[in-house]
């Protein structure tokens with residue numbers, strides 16, 4: 001299978017012109033969308049369906065700078081990409097102590113009931129983690145250019161790839177804890193599907 | 001390719017439309033009416049649909065089915081709370097609820113098929129040729145089972161459903177065709193029974209849905225119900241009767257409430273009058289009272305709006321346009337709340353009752369190859385996942401993914417020699433399988449006997465452009481296609497649909513006859529009423545023998561009307577019309593003369 005970058009005729013790099021990508025997505029959709037193959041035979045319709053599904057998934061993976069990094073890791077490692085398929089996030093070691101404290105706070109709040117003070121504390125923790133969740137994304141995207149330079153220069157990209165993976169795992173872990181906090185507060189909205197566009 | 005029509009199969013009303021000379025138009029019935037009430041009644045003479053069925057609501061309450069869209073693709077658990085309010089009997093089956101009419105159990109797709117068939121016939125009468133292909137709209141937030149049920153209804157009605165289109169998206173297409181949409185468009189669609197919000201980016205003829213959300217169980221019906229409960233309490237206080245268990249009275253109250261609600265969209269106050277057997281109920285209602293009743297319901301639409309915006313990664317003020325769709329958006333309160341949320345005026349430049357059908361016609365024209373510069377990219381409203389160990393859902397396709405889309409997943413066996421693998425497929429946003437909507441159970445069969453963990457079965461989950469799941473499986477080591485037996489949790493099996501298609505042919509002729517009879521009877525009633533009134537008001541300008549002739553013809557029609565001989569009724573109607581023609585001419589003449597001498601001509605003409 002061709003990778004998602006080649007679907008749009010793009011090099012396997014992280015800097016992508018959003019306008020160009022969108023235009024190519026629209027152009028390809030006009031060619032392959034099932035709406036325009038209604039008169040085709042069964043095989044032709046199945047082909048349009050498969051092509052269109054590929055284009056849609058490729059666009060979804062590449063349109064956002066962060067999902068682009070996730071997808072890149074998958075192809076670099078030769079895995080078939082599936083959204084959200086990154087291994088269940090384990091707590092990064094340097095965060096263990098801190099996260100244990102958050103979990104304790106949750107347990108405590110549960111045991112003593114969510115009084116005003118306990119709830120406020122959990123909300124404060126959540127706010128702090130949400131900021132770090134955003135900061136992780138920014139830090140990851142900020143090094144996209146560095147990756148592209150390494151590609152151009154033929155440099156060793158292993159270390160950066162590993163760094164990307166770790167930061168993504170950290171970010172995913174923040175998300176899990178944020179959700180745990182929301183659950184404990186009884187303020188969880190439908191959110192188990194991660195919103196990669198944020 | 002033959003003509004493809006666009007159909008809006010609504011909770012309260014349905015419409016059929018097509019594109020003619022590049023312009024989408026609603027196809028009216030013989031009387032010029034665009035809306036067909038989505039009501040089906042089983043009468044002693046057969047099945048009737050639309051206006052004729054609406055008249056059966058109060059007098060034939062147990063056999064007159066309305067708002068069946070709310071039951072489409074639903075199981076007993078989903079709807080049990082509202083069943084006590086329905087005047088017809090719903091059979092409590094877990095998988096597919098059905099409605100008991102006499103000794104038959106009729107499923108919601110079969111009821112909807114009657115509505116679709118009426119629209120099909122309307123289109124056929126309009127074109128003078130048969131119509132066999134259609135695009136049908138559904139609420140964007142409809143799940144797989146509800147979409148499939150709609151497709152089944154089309155098939156039972158003898159229509160090949162080429163595409164299921166989401167209602168708010170269809171509305172955007174109608175606006176887009178008229179170049180009324182560009183940029184970020186929020187479509188707020190509150191109909192009779194369902195609510196959708198869709199956020200689209202419209203650019204260069206591409207209609208890209210960014211996110212959608214909604215509630216398939218919220219609409220004008222619920223507003224009516226809130227009013228009914230309130231009126232029942234008021235009647236109890238003022239007249240000391242409890243009408244909550246009287247199905248016919250309930251229907252009268254519901255119809256009265258609905259009409260009053262509509263009037264209050266334009267007037268500040270209205271008077272509701274319902275004549276019952278022992279007393280007549282009068283109630284003066286102000287708009288503020290209605291708004292207090294429905295405010296909590298309207299408020300529940302705002303959460304989905306915020307979630308859709310969040311999924312589209314947009315703030316409310318980034319919408320360039322807010323479009324209102326669906327009859328319930330005529331309520332000033334709804335408009336106010338939407339405008340507050342988005343911080344800009346909302347509009348409904350195209351008739352909110354018709355815009356969805358017009359958009360369906362546009363999509364039909366795209367499929368027919370008649371429009372090539374517009375492209376619709378829609379999304380799946382709900383996440384699709386499979387149940388894993390411990391009852392946790394693993395998401396394969398997240399909500400708001402552009403469709404068509406596919407996901408592959410790999411499975412293996414846990415016991416040596418295991419020949420089948422079971423999968424549980426779900427839709428929804430919750431973490432635990434039990435909290436989501438069960439879609440189907442897949443039995444992957446024909447796995448070659450191998451030690452546990454050896455087989456590698458690849459299952460491809462594909463959501464097509466209709467938002468409906470298709471699945472394929474193959475064992476990668478042998479390359480053999482594994483067979484999938486799909487057991488839909490809610491919905492009809494293939495063979496059940498086949499049977500219903502067959503049955504519909506058997507009943508079709510009887511149904512047509514019943515409809516024609518009722519139409520003829522209705523026409524006779526109209527003529528009888530007109531003539532009786534004319535004789536009362538203008539009998540003095542009729543000569544005595546003329547008057548006797550008219551009265552004889554009137555008596556003859558009245559006698560025929562009681563029976564079921566359609567030809568007889570029709571002949572007597574024509575005879576009565578002929579007998580009164582000279583009198584009608586003279587009345588018109590008198591009215592015109594009066595117009596010269598009196599300012600009251602308008603009233604005379606109106607009464608003649």
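Throughout, read-outs are computed from the coordinates displayed, never taken from laboratory work. None of the values given here were measured: they were computed from a predicted structure. Ideal geometry is used to build each Cβ from the backbone, glycine not excepted, and the neighbour counts take in all protein chains shown.
Between the helical axis of B:220-239 and the dominant principal axis of chain B, each derived from Cα atoms, what acute angle in degrees is found, rounded to the nearest 10?
The helix B:220-239 is inclined about 50 degrees to chain B.
What would the Debye equation give as log₁₀ I(q)/I(0) for the protein assembly as shown at q = 0.09, 0.11 Å⁻¹, counting only Cα atoms as equal point scatterers?
Results for the protein assembly as shown at q = 0.09, 0.11 Å⁻¹ read -0.97, -1.38.
Starting from one equal scatterer on each C-alpha and no solvent at all, send me the Debye-based log10 I(q)/I(0) for chain B at q = 0.06, 0.10 Å⁻¹, two decimals.
Each listed q corresponds, in turn, to -0.38, -0.98.
Any idea what angle helix B:494-538 forms with the longest principal axis of chain B, computed on alpha-carbon atoms, 0 to 90 degrees, nearest 10?
Tilt relative to chain B: about 20 degrees.
Averaged over peptide B:396-407, how many Cβ atoms belonging to another chain are found within 10 Å of each residue's Cβ?
Across the residues of B:396-407, the mean count of other-chain Cβ atoms within 10 Å is 6.
Take peptide B:161-168, look around each residue's Cβ out to 10 angstrom, count Cβ atoms belonging to other protein chains, and average those counts. Please list the in-between numbers first.
Values: counts 0, 2, 3, 0, 0, 0, 0, 0.
Mean shielding by partner chains, rounded to a whole number: 1.
Just checking the output field for B:200-209: average partner chain Cβ neighbours within 10 Å of each residue's Cβ?
Numbers: counts 0, 1, 0, 3, 4, 2, 8, 0, 5, 0.
Mean shielding by partner chains, rounded to a whole number: 2.
Given the options A:183, A:41, A:64, which has the most mean-square fluctuation in a GNM of chain A, springs set between C-alpha atoms less than 10 angstrom apart?
The residue that fluctuates most here is A:41.
For the pair residue B:306 and residue B:268, how long in nm is the line joining their label points, each one 7 Å along Cα→Cβ?
Going from the residue B:306 label point to the residue B:268 one covers 3.3 nm.
Label points 7 Å out from Cα along the Cβ direction at residue B:503 and residue B:59: separation in nm?
2.8
Listed highest first by mean packing, meaning other Cβ atoms within 10 Å per residue, what order do B:223-230, B:352-359, B:260-267 come in? Walk me through the numbers before you get to the answer.
Numbers: B:223-230: 20.0, B:352-359: 27.8, B:260-267: 17.5.
The peptides rank, most packed first, as B:352-359, B:223-230, B:260-267.
Determine the shape class of the stretch A:4-63: with a ≥ b ≥ c the square roots of the Cα gyration tensor eigenvalues, call it rounded for a/c under 1.5, and otherwise prolate if a/b is greater than b/c, oblate otherwise.
Prolate is the answer for the stretch A:4-63, as a/c is 1.5 or above and a/b outweighs b/c.
Extending each Cα 7 Å along its Cβ direction at residue A:45 and residue B:537, get the distance between those two points in nm, one decimal.
5.7
Over chain B, what relative contact order in percent results from Cα pairs under 8 Å that are six or more residues apart?
It comes to 13 percent, rounded to a whole number.
Computed over the Cα atoms of the stretch A:93-185, what is the convex hull's projected area averaged over all directions, in nm²?
On the way: hull surface 24.7 nm².
With every direction weighted equally, the projected area is 6.2 nm².
Over what distance in Å are the Cα centres of the stretch A:114-182 and the stretch B:312-366 separated?
Going from one Cα centre to the other spans 37 Å.
Using Cα pairs closer than 8 Å and at least 6 residues apart in sequence, work out the relative contact order for the stretch B:410-536, in percent. Working shown, then result.
Values: 168 pairs, mean separation 25.9, N = 127.
About 20 percent, as a whole number.
So what's the angle, to the nearest 10 degrees on a 0 to 90 scale, between helix B:566-597 and the longest Cα principal axis of chain B?
60
For a protection proxy built on the mean count of beta-carbon atoms within 10 angstrom, sort B:25-35, B:419-429 highest first, please.
Numbers: B:25-35: 15.2, B:419-429: 19.7.
With the highest mean Cβ count within 10 Å placed first, the list reads B:419-429, B:25-35.
Using alpha-carbon positions, what is the distance between the centroids of the stretch B:51-74 and the stretch B:231-268, in Å?
What the calculation gives is 18 Å, centre to centre.
Please report A:147, B:42 as a ranked list, fewest other C-beta atoms within 10 angstrom at the top and most at the bottom. Could the numbers behind the result be given before it?
Working: A:147 21, B:42 24.
Listing A:147, B:42 from fewest to most nearby Cβ atoms yields A:147, B:42.
So what is the calculated 222 nm ellipticity per residue for the protein assembly as shown, using -39500 (n - 2.57) for each DSSP H run with n of 4 or more, over all residues, to the nearest 500 deg cm²/dmol?
Numbers: 24 runs with 377 residues, N = 806.
Calculated from helices alone, the mean residue ellipticity at 222 nm is -15500 deg cm²/dmol.
Report the normalised scattering of chain A as log10 I(q)/I(0) at q = 0.17 Å⁻¹, calculated by the Debye formula with identical scatterers on the alpha carbons.
-1.11
Show me the ranking of peptides B:197-206, B:328-337 by mean Cβ neighbours inside 10 Å, starting with the highest.
Numbers: B:197-206: 22.2, B:328-337: 19.8.
With the highest mean Cβ count within 10 Å placed first, the list reads B:197-206, B:328-337.
Please report the spacing between the Cα centers of the stretch A:43-75 and the stretch B:167-185 in Å, no decimals.
Comparing the Cα centres of the stretch A:43-75 and the stretch B:167-185, I get a distance of 26 Å.
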